[in-house]
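Report on the following structure.
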Amino acid sequence: MSVPVKFDDLIAAYEWVSGGEALGMDCEAYISRTTGTIHWCGEGVDEEPPEDIEDGTLYIAVPRKNEFDLGRVLALRFVEERLPRSREAVHAFFRKRGAYGKFKSLLASSGQLDAWHEYEAAAIESALREWCEENGFVLVR
């Protein structure tokens, strides 16, 4: 039987752990394998996590963005599908620092920024649904 996990809660935890990683902060979140409750751990969290939070039979860490290849790989896939003429320029962006800023500027000037946000959100939801299924959870709205 699959344990329900609230979609909005999982998205928030996913964004928090992914954002924390990008900023070099200690941000973790775990899901109870029995209740689907998400426990937040790290800087700025007042609530103490359960003592057995690191027991992998009871809890599982919320995945980070890099675990799904939803960064550079996803951006390049979007460009291949929506802006094939910009393919080389975007590949060049991702060889240097500041790639996402340049990428988003290109999207804005091409009128594709909203399409990118929708594309990225759909990819994240799909990846999280698959992850949930693989780990005995079901996402609920």
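The values are calculated or read from the model by the stated rules, or taken from the named source; none is laboratory data. Bear in mind that the values here come from a model prediction, so they are computed numbers and not experimental data. Positions of Cβ are generated from backbone atoms using ideal geometry, with glycine treated the same way; all protein chains shown enter the neighbour counts. The accessibility values were calculated without ligands, DNA or RNA, using every heavy atom of the protein model including side chains. Shrake-Rupley method; radii C 1.70, N 1.55, O 1.52, S 1.80 Å.
Some observations on this one:
- Projected label distance in nm at Val45 and Val138, using a 7 Å step from Cα toward the beta-carbon: 2.7 nm
- For the chain, the equivalent ellipsoid built from the Cα gyration tensor has semi-axes of 33, 17, 12 Å, listed from largest to smallest.
- From most to least packed by mean Cβ count within 10 Å, the peptides 26-38, 118-130 give 26-38, 118-130.
- Net charge over other residues, Cβ less than 10 angstrom from the Cβ of Ser110 (K, R count +1; D, E count -1): +2
- Angle in degrees between helix 7-23 and the longest Cα principal axis of the chain, rounded to the nearest 10: 70 degrees
- Heavy-atom accessible surface of the chain: percent carbon and sulfur, 1.4 Å: 49 percent
- FRET efficiency for the Leu58 to Ala89 pair, using the beta carbon distance and R₀ = 41 Å, is estimated at 0.30.
- Per residue accessible area of region 36-113, 1.4 Å probe, in Å²: 65 Å²
- With a simple spin-label model that places each label point 7 Å from the Cα along the Cα-to-Cβ direction, the separation between Glu15 and His117 comes to 1.1 nm.
- Where a label projected 7 Å from the Cα of Glu80 along Cα→Cβ would reach, residues of region 113-141 with amide N under 16 Å: 120, 123
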